[in-house]
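What follows draws every value from the coordinates through simple rules; no lab data is involved. None of the values given here were measured: they were computed from a predicted structure. As a convention, Cβ positions derive from the backbone with ideal geometry for all residues, glycine included, and neighbour counts pool all protein chains shown.
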Amino acid sequence: MSFITLKDKLPGIVGLIFYKRSTAKGIGNLGQAALRGPSPLTVAERELIATYVSSLNECNFCADSHGAVVTELLKDKGNTVSCAINNTVTPAISPMMRALLNIAGKVQKSGRAVTNEDLQAARDLGASDEAIHDTVYVAAAFCFFNRYVDGLKTIPMRTKEDYVEPARMLIKFGYRPPNFIGRFFMKKMMKNAMGDPA
């Protein structure tokens with residue numbers, strides 16, 4: 001049970017968005033900028049960084065949510081997500097992306113853990129300064145999101161399959177706070193995923 005009473009018992013950050021609308025806009029805009037704004041990194045690469053950092057932070061809701069987005073985007077049955085989380089060398093993750101994930105993992109521990117050597121390794125593999133910036137930005141943003149979700153002990157969804165339809169919605173609509181119709185369908189979908197009647 002969550003530490004606070006969330007409207008309709010919605011899971012994860014969705015419950016928090018519906019709990020306090022005055023913070024929802026800022027949260028949505030941060031997520032949209034980090035994961036959908038202009039970047040040399042693809043949407044899938046940024047979602048993979050979000051998944052990786054969330055898994056390091058042991059934030060199940062965020063790791064499973066964003067992992068489902070990566071899987072839907074890549075249509076690879078979760079292989080890339082599994083390889084990133086388990087630190088497996090695979091052609092699905094380029095050497096440059098592996099170097100950027102290393103930087104993201106350092107940010108998860110502490111911003112000061114990132115070294116010049118980490119940055120140079122990424123640059124040597126083709127990462128631009130903007131790609132490095134966006135990696136750190138996404139990693140730092142997800143440390144915030146993870147702590148927000150887990151600091152209030154929000155509930156995850158029941159199964160990994162329950163994250164698939166929300167992932168498709170995120171791919172289609174992004175992270176800006178949803179309009180009235182979007183809110184209605186998101187709430188209905190999440191309640192269904194939690195096993196409650198719509």
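Dividing the mean sequence gap of close Cα pairs (under 8 Å, 6+ apart) by how many residues the chain holds gives a relative contact order of 33 percent.
At a 10 Å Cβ-Cβ cut-off, how would you order Ser39, Ser94, fewest neighbours first? Write out the running numbers ahead of the final one.
Details: Ser39 19, Ser94 13.
With the fewest neighbours first, Ser39, Ser94 line up as Ser94, Ser39.
Across the alpha-carbon atoms of the stretch 32-191, the computed radius of gyration and Dmax are 15.5, 48 angstrom.
Candidates Gly67, Phe18, Gly28 compared by Cα position along the dipole of the stretch 7-193: farthest toward the positive end lies Phe18, with charges placed on Cβ. Dipole of the chain computed with +1 at Lys/Arg Cβ and -1 at Asp/Glu Cβ about the Cα centre; of Asn102, Ser2, Ser39, farthest Cα towards the positive end is Ser2. Other residues whose C-beta falls under 10 angstrom from the C-beta of Gly37 contribute a net charge of +1, scoring Lys and Arg +1 and Asp and Glu -1. In plain terms, the residue of Ser128, Ser110 with the fewest other Cβ atoms within 10 Å comes first and the most crowded comes last, giving Ser110, Ser128.
Evaluate the charge dipole of the chain about its Cα centre and quote only its size in Debye, nearest 20, assuming +1 on the Cβ of each Lys and Arg and -1 on the Cβ of each Asp and Glu.
Working: 25 positive and 18 negative charges, 181 e Å.
With only Lys, Arg, Asp and Glu charged at Cβ, the dipole is about 860 debye.
Centre-to-centre separation between the Cα atoms of the stretch 92-134 and those of the stretch 41-81: 17 Å.
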